[in-house]
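Heads up: the structure comes next, in structure tokens.
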Amino acid sequence: MTLNQAWSRCVRAKPDAMALLDAATGQTWSRVKLDALAADWHSRHGAGLAGRSVVFAEPNGAGWLQIFLGLLKAGAVAVPFDPGEPEPVRRAAAAAIGADFVWSGNRLEATGAGRRHRDGRRLIKLTSGTTGTPRPLAFTDAQLLADSRQICATMAIKPGDVNLGVIPFGHSYGFSNLVTPLLDQGTAVICGVPALPQAIASAAERGKATVFPAVPALLRSLVETDIPPEKLRGLRIVISAGAPLRPETARAFYDRFRNKIHNFYGSSETGGVTYDRTGMATLRGASVGRPIQGVRLVFQKKRRFVVESAAVFTLGNRHRRSGRGRHRPADFGECNHRGELVLLGRSGRFTKLAGRRVNLAEIEQALRHLPGVHDAFAAVHPARADALAAAVAGTDLTAAAIRAALRERLAAWKIPRQWRILPEFPLTARGKTDTRRLRALLGL
């Protein structure tokens, strides 16, 4: 089955069921109305797009889904970008990955790439990894549907649920938890929600949201703002992914709203990997849960592990087995006695200080365990090769107090010499920590 076939089945089953609600205006789109918008886009722009890759960047809403569904009807390959990226950046990235067309304003612009894909790819996710350079990952209909079905089965997300769509549709997390559940099983989405705590709470109440895929920064802002608990009372499932969630935030959220947060871990290459089904591991800060349905973890030497499932990309991936993709994330991890994945930092974060090897993830973990520290980022000092620099997000913090607390956790030579203390870390449009801006703030 293709994504387009799954969506057509949903439309036929309940054509008048709500598919989308704009929280800002109150406007709704039924499945059949949204499908008509996509059919109109396809009739005007879809000719000759079969197998062609098309870059587009739209905010969450009917416009995004109209274009994406129109591309599905045309048999094209969708390449969603963050709408917050400047247009020159998007065009440069499109050229770098060899995209055929860029959707600009209200028309398609050819790039001259002229390549028709015949390998069944349907979506290209872009991930920068540790390089900062966009890297395309091609996924088939089967892999995208497998990811969504594994997630929905594990999280018990049903067709009658309503997703609160704050995270971007085009991000791997947003696509798997918001877009494909809508297309495959008709789970409605609330869009047009600014990433502001009062707006999120109002949209949840107005749209009768039951599922909230979020990132830690959003959840922390809800805890720290004076929001009446009843506004979030309808939420049945609250999910945290994209960055580490501090257990203090999970406990404060539960105390305030009487709702447990469920840690969710995945990657662009693999889709969903693990999920804390009960929310208890998230409260303890112990793990990111057990593998989701259909996912197998194979632990290797040096605390590395391989993810195997039908959702892992296989196009351009030499590690595959019997139609199931296999990928080794950049994270270190181990399995605890409950069968849960405990993350222990990322590979490639090692550096040398005066000949001594240091794991930057170790420095960041030590900082995150300090009272008042929400997040941390460590790097080599901009002017001294034998020292470190660090940025810390938190309240009522001083460099002197942080250094004193670190002396009980780290060797003296591992304690950063340069500090940048911020109330919050800058975020990308996807809700992740913007490490490029942090490096710039540290003078790197």
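When the range 177-194 is filtered for residues that are crowded, with 24+ Cβ neighbours inside 10 Å and either outside the structural domain of Asn263 (by TED's automatic domain parsing) or in contact with a Pro (Cβ under 7 Å, 6 or more places away or on another chain) (or both), the ones remaining, listed by number, are Asn177, Leu178, Thr187.
Quick check, is Pro197 in the same structural domain as Val288 (by TED's automatic domain parsing) and more than 27 Å from Leu144 (Cβ to Cβ)?
Yes.
Can you say whether Glu408 is within 21 Å of the chain's Cα centre (by Cα) and either at pLDDT 90 or above or not hydrophobic (A, V, I, L, M, F, W, C) (or both), as far as the supplied structure shows? In short, no.
Keeping to the range 50-68, report how many residues are out of contact with any Leu (no Cβ under 7 Å at 6 or more places or on another chain) and buried (at least 16 other Cβ atoms within 10 Å of the Cβ). Write out each step before concluding.
As a first pass, look at the range 50-68 and keep what is out of contact with any Leu (no Cβ under 7 Å at 6 or more places or on another chain): 50-53, 55-61, 63-64, 67-68.
After this cut, where a residue has to be buried (at least 16 other Cβ atoms within 10 Å of the Cβ) as well, the list is 51-53, 55-58, 60-61, 64, 67-68.
Total satisfying the criteria: 12.
Condition (residue is within 14 Å of Gln143 (Cα to Cα) and among the basic types (Lys, Arg)) applied to the range 335-347: is it met by at least one residue? The answer is no, given that none of the residues of the range 335-347 is within 14 Å of Gln143 (Cα to Cα) and among the basic types (Lys, Arg).
I'd like to know if the range 326-348 contains one or more residues that are farther than 30 Å from Thr278 by Cβ and modelled with pLDDT of 75 or more.
If we filter the range 326-348 for residues that are farther than 30 Å from Thr278 by Cβ, which is where we start, we get 348.
Next cut, modelled with pLDDT of 75 or more only: none.
No.
When restricted to residues that are out of contact with any Asp or Glu (no Cβ under 8 Å at 6 or more places or on another chain) and either under 20 Å from Gly394 (Cα atoms) or crowded, with 16+ Cβ neighbours inside 10 Å (or both), the range 206-215 contains 6. Among the conditions (1) over 17 Å from Leu178 (Cα atoms); (2) assigned to a helix (DSSP H, G or I), the only one that Leu34 does not satisfy is (1).
Among the residues of the range 304-319, what is the count of those that are over 30 Å from His117 (Cα atoms) and in contact with a Leu (Cβ under 6 Å, 6 or more places away or on another chain)? Before the answer, list the steps.
Here is the first cut: in the range 304-319, the ones over 30 Å from His117 (Cα atoms) are 304-305.
Okay, now just the ones that are also in contact with a Leu (Cβ under 6 Å, 6 or more places away or on another chain), so 305.
Selection size over the range 304-319: 1.
Can Asp141 be described as touching a residue at least 12 places away in the same chain (Cβ under 8 Å) and surrounded by fewer than 21 Cβ atoms within 10 Å (Cβ to Cβ)? The answer is yes for Asp141. When you scan the range 103-123, do you find a residue that is buried (at least 19 other Cβ atoms within 10 Å of the Cβ), modelled with pLDDT of 90 or more, assigned by TED's automatic domain parsing to the domain that holds Leu182 and within 17 Å of the chain's Cα centre (by Cα), even just one? Within the range 103-123, one or more residues are buried (at least 19 other Cβ atoms within 10 Å of the Cβ), modelled with pLDDT of 90 or more, assigned by TED's automatic domain parsing to the domain that holds Leu182 and within 17 Å of the chain's Cα centre (by Cα). Of the residues making up the range 266-285, at least one is closer than 23 Å to Leu370 by Cα, modelled with pLDDT under 95 and assigned to a loop (DSSP other than H, G, I, E, B).
Table: residues versus (1) surrounded by fewer than 15 Cβ atoms within 10 Å (Cβ to Cβ); (2) of a type in the set (A, V, I, L, M).
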{"site": "Arg220", "(1), (2)": "no, no"}
{"site": "Val223", "(1), (2)": "no, yes"}
{"site": "Asp276", "(1), (2)": "no, no"}
{"site": "Ser287", "(1), (2)": "no, no"}
{"site": "Ile292", "(1), (2)": "no, yes"}
{"site": "Arg296", "(1), (2)": "yes, no"}
{"site": "Gly333", "(1), (2)": "no, no"}
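Check the range 248-271 and report whether any residue there is of a type outside the set (D, E, K, R), out of contact with any helix residue (DSSP H, G or I) (no Cβ under 9 Å at 6 or more places or on another chain) and more than 22 Å from Ser172 (Cβ to Cβ). No. On the stretch given as the range 146-176, residues that are closer than 23 Å to Asp22 by Cβ and either among the charged types (D, E, K, R) or not assigned by TED's automatic domain parsing to the domain that holds Met18 (or both) total 2. Just one of the listed residues (Ala96, Ala24) is among the aliphatic types (A, V, I, L, M), in the same structural domain as Ile167 (by TED's automatic domain parsing) and more than 19 Å from Val162 (Cβ to Cβ), namely Ala96.
The values are calculated or read from the model by the stated rules, or taken from the named source; none is laboratory data. Here the structure is a predicted model, which means the values were calculated and not measured. Every residue, glycine as well, gets a Cβ built from its backbone with ideal geometry; the counts of neighbours run over all protein chains shown.
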